[in-house]
Every structure is written in C-alpha cells, then in structure tokens.
Amino acid sequence: HEANRHGELVRFYNAELLQALENRYTLLKHLRDAITEGDQLRVYYQPKFNMHTGKVCGAEALVRWQYDADTLLAPDQFIPLAETSGLITKIDTRVMETVFADVARLQSSGFALPVSFNVSNLDLLAPEFLGSLESLLLHSKLTASLFEIEITETQAMQNYEAVAPVLSRLVKLGVKISIDDFGTGYSSLAHFTKLAATVLKVDKSFVAQLAGKDKENALAVIKMVRNFAEQFGAIVVAEGIETEEQRAILTDNGYQIGQGYLFSRPIPFSQFETLLAQEKQLTLSR
Ligand code: C2E
Ligand code: MG
Ligand code: MG
Ligand code: MG
C-alpha cells in the first residue's frame, strides 16, 4: 500500500514509523499521546447494504490512527498493543462517543440508521466503559436499537463466564449484539446459547473462499451459519464481499445484509453522509 491522503490505509512506512512499530515502547508512547493529547484517532464507516434493494441499511465504525499527515494506520497495527497495554478501553470509549455523536447527526438530517462498533472483551469487563455506554444512551435520546456492539466469537468465548452476563444486560438496555468473525472461534453450543447474540457476522475468510478451490467447504459453512442464526432468532451479516460472484452466492443462500469492497470501503463520516444524501436524491428523482 502507498501512503496517501485519500483514506487508504498505509502499510508502507516512513523510517521513523518503521522504527516505532519495531519498538513497542516507542509505539506505546506515541499511542498514549495520540489518545490523551492529540485528536489522532479517526472513526471510519463502512456502509452495510441490503443486497436485495442495493440500499445502505447501516454501517460499521472502524478505528484508524492518523499517525501523521500521510500515515493512516490500520487497527491491526495498534489494537493488539492497545489490548495488552490497557489503552484499549480508552480508544473504544472514544470511538463509541464519536459513533453516538455521528448517529445523532444522521438522525437530525433524517437518516435513522443503525451503526455497529467493535469492542474488546476487556471493555465489557470495565465498569467505566459500561458506565459511558449507559450514560450515552441516557443522554443522547437516541433509541438504543440503533447501536450494535460487535465482539469476536474468539474474544466472547475467551472470557465467556464474565462476558455473557454483560451481553445479556446490554440486550436488556436495547442494544444489539453481533458476534463478529463467526465460524473461527470454536464456540461450544452450550455457551453460545447464553451469548444473547442478535446478529452473526460470518467470518470474511469463508466469503473469500466462496469462489476459490475450497468453495464446497466455505459454502457449507455459509449455509450452516445461516441455519444456526435462524434457530436462535438472530440475523446474519456477511462481510468482506469483494466480487459479484460472492454476492450472488450469499443472496442465493439467504443473506440479505452485506458489506465489502464490492459496495464500499470504510470511509470518513463526511463521505458517508454524502453517500446517503446521493442515494436519497436518486430515490427522489426516480
Ligand atoms: P472486523 O470488525 O472484522 O472488521 C472488518 C475488517 O475487514 C475491517 O478491517 C474492514 O476494513 C475489512 N474489510 C471490509 N471489507 C472488506 C473486503 O471486501 N475485503 C477485505 N479483505 N477486507 C474488508 P480493519 O478496519 O482493518 O479492522 C480490522 C479489525 O480491527 C476489525 O475486524 C476489528 O476486529 C478491529 N477493530 C477495528 N476498529 C476497532 C475498534 O474501534 N475497537 C476495537 N476494539 N477493535 C477494532
Ligand atoms: Mg467488526
Ligand atoms: Mg469481522
Ligand atoms: Mg476481525
């Protein structure tokens, strides 16, 4: 990847950054500064589409770190460090606050769209994170069902005994729960039933394999996840859709909601607003 100013993530670094990435201590120091002083965290939105109507039906918030003017870092370059250094809950709180503000802005321009955001299992065990969420719900006057928490199957299972009751509590508040990267996390059935999942997000590796040499197995997983979701009254979402062929296989197999580069990359909020306005214009002019 090239460094650029057009919202593409950078995986090709300047010398200082390369050194920082190699040196955990330096990177950690920069990350702490980025959170406490700077305004360097960016929340991008990847639109979710209703694949039958072709319309935007929601979005997922994804964090990026604007390291310098030319360098936008991907979450996998700093989230793991944030998780092991205790900074993750601060980052996720910041992202969640931004999501609430942006959803409120959308609502005031006539778009009541649900938005999901990613959390770490550490967040769900942090009283300050849950307190922030409850207070945002209380003060925003937005309906709780506009918000969806994504937690990976692996992380939910890792800390299942502690996480499951928190998820139940959040569902009672009206928030939706999405189990992310589903199919890669070795859920036990007994544990899964207690996770209060409202959405299953099938892992993008299966979507990627739908057209590859392992397509029979991937298709079996896609079908199984859909049936599984149906049994538990959850809905399915597919991510990582890059080709028309993948989209067609998914819709043929009961998937209605999808996200992926075929439809849109994650984009800054202002571009997401523009996309919604253009779509509305198109509908009005028909
Ligand atoms: P995820 O939640 O499973 O998000 C999906 C990832 O797939 C995103 O990567 C997204 O940009 C990427 N993606 C979307 N469409 C396509 C596609 O068509 N093809 C391919 N190959 N990839 C696609 P991203 O933004 O780099 O995020 C990576 C992971 O970092 C996320 O995976 C999530 O687990 C974590 N993450 C992102 N934002 C946050 C956050 O605010 N807090 C926490 N705790 N984790 C986050
Ligand atoms: Mg996610
Ligand atoms: Mg995922
Ligand atoms: Mg992931």
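Just so it is clear, none of the values below were taken in a lab; they were calculated from the coordinates. Since this is a predicted model, take the numbers as computed values, not measurements. Quick reminder, even Gly has a Cβ in these numbers, built from the backbone with ideal geometry, and neighbours come from all protein chains shown.
Table for the structure above
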| item | result |
| --- | --- |
| Kirkwood-Stokes translational diffusion coefficient of the chain, alpha-carbon pairs, 20 °C, 1.002 mPa s, µm²/s | 108 |
| Estimated dipole of the range 165-286 in Debye, rounded to 20 [Cβ of Lys and Arg +1, of Asp and Glu -1, Cα centre] | 420 |
| Cubic angstrom per residue, convex hull over Cα atoms of the range 23-97 | 109 |
| Volume per residue of the C-alpha convex hull in the range 107-245, rounded to whole Å³ | 120 |
| Calculated P(r) of the range 148-218 - Cα pairs past 20 Å, % | 32 |
| Cα centre as origin, Lys/Arg/Asp/Glu Cβ charges: the chain dipole, Debye | 720 |
| Cα Rg over Rh - the range 180-286, Kirkwood | 1.05 |
| Span from the the range 248-286 Cα centroid across to the the range 89-131 one, whole angstrom | 21 |
| For the range 52-164, alpha-carbon Rg over 2.2 N^0.38 Å | 1.14 |
| Mean ellipticity per residue at 222 nm, deg cm²/dmol - from DSSP H runs of n ≥ 4 across the chain, formula -39500 (n - 2.57) | -14500 deg cm²/dmol |
| Label-point separation, Ala220 to Glu22 (7 Å along Cα→Cβ), nm | 4.5 |
| Mean-position separation - Cα centroids, the range 172-208 and the range 39-68, in angstrom | 20 |
| √(5λ) per eigenvalue of the Cα gyration tensor, the range 217-259, largest first, Å | 17, 11, 8 |
